[in-house]
2 protein chains.
Amino acid sequence: MLDARKRQVLFAIVQDYIQTAEPIGSRTIAKRHSLGVSSATIRNEMADLEELGFLAQPHTSAGRIPSDRGYRFYVDAMEVLPVLTAVDAEIVKRQLGGILRGQQMMLDALARLVSSLTNYTSIVIGPQPHQARLKLMQVIPLDENRAVLMLVLDTGMVANEVITLPRGLTMCDLLAFCNYVNLNLAGTSLSKLKDMDFEAYAGHFHAGAQAVEQAMDSLIAGLSRSEGDRVVLGGATNIFNQPEFRDITKLRAIMRVLDEHELVLRLVTSAPSAGASVSIGAENAVEGLRDCSLITATYRLGGGQTGHISVLGPTRMEYARVIALLNYVTKLVSQA
Amino acid sequence: MLDARKRQVLFAIVQDYIQTAEPIGSRTIAKRHSLGVSSATIRNEMADLEELGFLAQPHTSAGRIPSDRGYRFYVDAMEVLPVLTAVDAEIVKRQLGGILRGQQMMLDALARLVSSLTNYTSIVIGPQPHQARLKLMQVIPLDENRAVLMLVLDTGMVANEVITLPRGLTMCDLLAFCNYVNLNLAGTSLSKLKDMDFEAYAGHFHAGAQAVEQAMDSLIAGLSRSEGDRVVLGGATNIFNQPEFRDITKLRAIMRVLDEHELVLRLVTSAPSAGASVSIGAENAVEGLRDCSLITATYRLGGGQTGHISVLGPTRMEYARVIALLNYVTKLVSQA
DNA sequence: TGTTAGCACTCGCCAGTGCTGAGTGCTAAC
DNA sequence: GTTAGCACTCAGCACTGGCGAGTGCTAACA
C-alpha cells in the first residue's frame with residue numbers, strides 16, 4: 001500500500017506528533033530521524049501522504065499532523081503486539097495484586113490504577129453475570145415492623161433492602177413468602193426473575209402484596225443494574241491536561257458524554273472483544289468524541305462473566321503503550 | 001453598619017451581578033433600580049462601599065463587582081428565610097416523592113435532582129450510622145468451597161463478600177465461627193468491631209484464621225466506608241457553564257478538589273449543621289475553591305443519622321434560591 | 001449639607017498593520 | 001530519483017489608534 005519510505009515518514013510524524021502535539025515540518029523529521037534523505041525529499045513524500053489522506057495540514061504554511069486515517073494505519077501496522085516496559089509491568093503487577101487480593105473486585109481501584117499509569121481517562125465496566133441464578137432469599141427481622149429483604153445469587157452477588165411492614169402484613173407472612181420463594185424459585189435465572197409477577201405469588205396475603213412486589217422488583221432491578229450499570233470512571237480530570245482540549249467547548253462535549261453512563265456502556269461494550277480494539281476520532285459513533293480515541297480491552301472471569309477496561313484520550317494518543325498496558329492488565333485480571 | 005441607601009446600592013449590585021456576570025456601573029443601577037437618586041450620587045456611594053471592602057473594581061474604568069465580604073453581607077442580611085417559588089416547590093415535591101418511595105435512599109438520584117434544579121454542582125453526603133450495631137452475621141454456602149459472608153447492622157445496612165475457603169478451613173468451621181459471632185458480638189457497635197481482632201476469635205480453627213480475619217476486616221471496612229465515603233456528585237459539568245470558569249486552570253483546580261472525596265467530605269461535614277450554611281470564596285479553607293461558594297444543609301433521618309446536601313457554584317451564586325431549595329429538600333428528606 | 005450635571009481621564013476591547021519565522025511547493029541542476 | 005535554492009504563504013506577535021463604558025472630581029444648586 002505504502003512504500004517503505006512513505007511508511008517511515010508517516011510513522012516518524014505520528015510518533016513525533018504524539019510527543020510534541022505540534023505540527024511536524026519536513027526539516028524536523030530530516031534532523032530527528034536519520035532517514036538518509038534531505039528535507040526536500042521528505043517534503044515530496046509528505047505531499048503524497050497528504051493527498052492519500054494520511055496527513056493533514058492545519059493551515060497552508062504549517063507542518064503536517066496525522067489524520068484519523070494516519071493513526072489507523074499506524075495502529076494497524078503494529079503487527080507485533082507492543083510490549084510493556086519492565087518498569088510498567090512491575091508497577092502493574094504489584095498494584096494490581098493488591099486490588100485483586102480482596103475477594104470483591106474493586107472497580108474504582110482498577111480505574112484509578114489504569115488512569116494513573118496512562119495519564120488518560122479510564123473507563124472500567126464491571127462483569128455482567130448474564131447467567132446468574134437465584135441462590136437464596138432471606139428475611140432478617142430488624143424490629144417489630146422492619147426487616148431486611150435479601151436476595152443472593154449463585155455468583156455471590158447480593159442485593160438487600162429494608163422494608164417497612166405495611167398494615168395487614170405480618171413478619172410471619174413475610175417469612176412464609178420467603179420460604180415459598182426458596183422452595184419454588186431457587187435456581188431461576190435473573191432475567192426470568194425480572195419478568196416475574198410476585199404479586200401473584202404473594203397473593204395469599206390479605207394485604208401488603210403490592211408492597212412485597214415493589215420491594216422484590218426494586219431488589220431485582222438493583223441486581224440487574226449492578227450488573228450493567230457498573231460503569232466506573234478514573235482520572236476524568238486527566239483530560240484537562242491535553243493541550244488539544246484547552247478549548248472549553250470540546251471539553252464540555254466530552255464531559256457530557258462521560259456523564260451519560262448508558263451511552264458509555266454501549267460505546268465500550270460494542271467494541272469487538274478480541275484483544276485491544278482501537279477506535280479513532282470520527283470512528284467513534286458519538287459526536288462529542290470526534291477528537292478522541294478509545295482503546296478497549298476485555299477481561300474474562302470464571303463463569304462466562306466478561307467486563308471491559310477502556311482508555312479515552314485525544315487521537316494523539318500513545319497507542320503502543322496503552323495497548324500493551326491494557327493487554328497486560330486484562331490478562332492479569334482474567335487470571336485472578 | 002451601612003445606612004439604608006448604601007444597602008440598597010450594594011444589594012442592587014449583588015443582584016444584578018448574579019444575573020449578568022458583568023461589572024455593574026453607576027448608570028445601570030440608576031436606570032434599572034429606581035432609587036430616586038442620580039448616577040453621580042450612586043457613584044459616591046459605590047466609592048464608599050469599595051473603601052469599606054464590600055465592592056471591588058476589576059480595573060480602573062470598569063463597573064463594580066461584589067467582593068466576598070459583599071456577598072457575605074448580602075447573605076447575612078436575608079434575615080427572613082428566602083422562600084421557594086411555588087413552581088420549584090411543586091417540582092421538588094413530585095420528584096423527591098419518587099426518589100424517597102424506594103426504601104433505599106438513592107443518593108445519586110438526589111444529587112441529580114438538586115443539580116438539575118439549581119444548574120450548579122451538587123454534593124450529597126449519605127447518612128452516617130455512627131451508632132450502628134451488629135444485628136447478625138450470616139454465612140451462605142454457594143458451592144463446596146465458596147460462601148457469602150454477610151454482616152447486617154440494626155440500621156438495615158448490609159455488607160457482603162464472597163470468601164473462598166482456604167485449605168484447612170471447612171464450611172462447618174465457618175458456620176461455627178458465625179454462630180460464635182452471633183452469640184457473643186450481636187449488639188456491638190461498628191466502631192468497636194473495627195478495632196476487634198477476629199483472628200483470636202477464629203483461633204480455634206486449625207488453619208484459615210487469617211483468611212477469616214481478612215474477610216471480616218474487609219466487610220467491616222466496607223460498612224464503615226459505605227458510611228462515610230458516601231460522597232455523590234451531581235451535575236459536575238454544570239460548572240462548565242459558568243462564565244467565570246471559562247479559564248481552564250480554575251476549572252482544573254475545582255475538578256481536582258471534587259475528585260478527592262475525603263477532602264469534599266471534610267469540607268461539607270465541617271459546616272455548622274443548623275439551617276443552610278454558606279461559605280463564600282476565600283472562606284473556603286481549600287485553595288482551589290477560592291472563587292466558589294458552598295451552600296450546605298443537613299438532613300436528619302431517624303436514629304440520629306445525619307447527612308448533608310451541598311451546592312457548589314461560583315461566588316456569584318443565586319444564594320436566595322439555592323438556600324430556599326436546600327432547606328425545602330432537606331426538610332422533605334428528614335420527614336421521610 | 002447633600003445632590004447633581006458636566007467634564008476630563010482611564011482603561012479594556014477591537015480592528016488594523018507590519019514584521020518574523022516556520023514551512024511549503026516549485027523549478028532547475030545534479 | 002534526489003537535492004538545493006527561492007519565492008510564497010500564513011499564524012503569531014507586538015504595536016497602534018479609536019471607541020465606549022465608567023469613574024473621580026469639581027463647581028453649582030436646593
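Is at least one residue of the stretch B:58-69 among the aliphatic types (A, V, I, L, M), within 16 Å of DNA strand C (Cβ to nearest atom) and more than 14 Å from chain A (Cβ to nearest Cβ)? Yes: one or more hits.
Residues to consider are A:28, A:20, A:41, A:60; find the one that is hydroxyl-bearing (Ser, Thr, Tyr) and loosely packed, with under 12 Cβ neighbours inside 10 Å.
Exactly one residue qualifies, and that residue is A:60.
In this structure, residue B:231 does not qualify as buried (at least 19 other Cβ atoms within 10 Å of the Cβ), more than 30 Å from residue A:143 (Cβ to Cβ) and touching a residue at least 12 places away in the same chain (Cβ under 8 Å). Taken over the stretch A:37-62, the residue count meeting the criterion of being assigned to a loop (DSSP other than H, G, I, E, B) and within 14 Å of DNA strand D (Cβ to nearest atom) is 8. With respect to the conditions (1) free of Cβ contacts under 8 Å to residues at least 40 places away in the same chain; (2) within 36 Å of the chain's Cα centre (by Cα), residue B:28 falls short on a single one, namely (2). Being in contact with a Ser or Thr (Cβ under 6 Å, 6 or more places away or on another chain) and either under 24 Å from residue B:261 (Cα atoms) or of a type in the set (A, V, I, L, M, F, W, C) (or both) is not true of residue A:62.
Outside any loop (DSSP other than H, G, I, E, B) and touching a Leu at 6+ places or on another chain (Cβ under 9 Å), is that true of residue A:96?
The answer is yes for residue A:96.
Output yes when any residue across the stretch A:1-15 is near DNA strand C (Cβ under 10 Å from one of its atoms), at pLDDT 90 or above and open to solvent by less than 60 Å² (accessible area, probe 1.4 Å), and no when none is. Yes, the stretch A:1-15 has at least one match.
Among the residues of the stretch A:263-286, is there at least one that is closer than 19 Å to residue A:322 by Cβ, without any contact (Cβ under 8 Å) to a residue 12 or more places away in the chain and either assigned to a helix (DSSP H, G or I) or not assigned by TED's automatic domain parsing to the domain that holds residue A:313 (or both)? Scanning the stretch A:263-286, I find no residue that is closer than 19 Å to residue A:322 by Cβ, without any contact (Cβ under 8 Å) to a residue 12 or more places away in the chain and either assigned to a helix (DSSP H, G or I) or not assigned by TED's automatic domain parsing to the domain that holds residue A:313 (or both), so the answer is no. Taking the numbered list (1) free of Cβ contacts under 8 Å to residues at least 12 places away in the same chain; (2) more than 25 Å from residue B:336 (Cα to Cα); (3) open to solvent by 40 Å² or more (accessible area, probe 1.4 Å) in turn, residue A:170 passes all entries but (2). Could you please find all residues in the stretch B:273-285 being surrounded by 18 or more Cβ atoms within 10 Å (Cβ to Cβ) and either over 12 Å from the mean Cα position of the chain (by Cα) or within 14 Å of another protein chain (Cβ to nearest Cβ) (or both)? Residues satisfying the conditions are B:278, B:279, B:280, B:281, B:284.
Being closer than 22 Å to residue A:222 by Cα, in contact with a helix residue (DSSP H, G or I) (Cβ under 6 Å, 6 or more places away or on another chain) and more than 11 Å from chain A (Cβ to nearest Cβ) is a property that does not hold for residue B:98. Selection over the stretch A:281-320 of residues that are touching a strand residue (DSSP E or B) at 6+ places or on another chain (Cβ under 7 Å) and of a type outside the set (Phe, Trp, Tyr) gives a count of 22. Scanning the stretch B:153-170 for residues that are of a type outside the set (Asp, Glu), within 11 Å of chain A (Cβ to nearest Cβ) and out of contact with any helix residue (DSSP H, G or I) (no Cβ under 8 Å at 6 or more places or on another chain) yields a total of 4.
The single condition among (1) assigned to a helix (DSSP H, G or I); (2) touching a Pro at 6+ places or on another chain (Cβ under 6 Å) that residue A:155 does not satisfy is (1).
Yes or no, residue by residue, for (1) open to solvent by 60 Å² or more (accessible area, probe 1.4 Å); (2) within 14 Å of chain A (Cβ to nearest Cβ); (3) at pLDDT 95 or above:
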{"position": "B:250", "(1), (2), (3)": "yes, yes, no"}
{"position": "B:260", "(1), (2), (3)": "yes, yes, no"}
{"position": "B:271", "(1), (2), (3)": "no, no, no"}
{"position": "B:299", "(1), (2), (3)": "no, no, no"}
{"position": "B:305", "(1), (2), (3)": "no, yes, no"}
{"position": "B:314", "(1), (2), (3)": "no, no, yes"}
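The sole residue among A:110, A:96, A:134 that is closer than 30 Å to residue A:179 by Cβ and open to solvent by less than 30 Å² (accessible area, probe 1.4 Å) is A:134. Considering each residue of the stretch A:140-152 in turn, at least one proves to be within 14 Å of chain B (Cβ to nearest Cβ), open to solvent by 70 Å² or more (accessible area, probe 1.4 Å) and charged (D, E, K, R).
Do any residues in the stretch B:11-23 that are within 18 Å of residue B:77 (Cβ to Cβ) and away from chain A (no Cβ under 14 Å) have Cβ atoms under 6 Å from those of residues that are within 10 Å of DNA strand D (Cβ to nearest atom) and in a helix (DSSP H, G or I), where the two are at least six apart or on different chains, and which pairs are they? Correct list of pairs: B:12/B:29.
What residue, among those in the stretch A:37-57 that are small (Gly, Ala, Ser) and within 32 Å of the chain's Cα centre (by Cα), is nearest to DNA strand C (Cβ to nearest atom)? Ranking the candidates gives A:56 first.
The values are calculated or read from the model by the stated rules, or taken from the named source; none is laboratory data. Model, not experiment: these values are computed from the prediction. Reconstructed Cβ throughout: ideal geometry from the backbone, glycine too, with neighbour counts over all protein chains shown. Just so you know, the surface numbers come from the protein's heavy atoms only, side chains and all, with ligands and any DNA or RNA stripped out. Shrake-Rupley method; radii C 1.70, N 1.55, O 1.52, S 1.80 Å.
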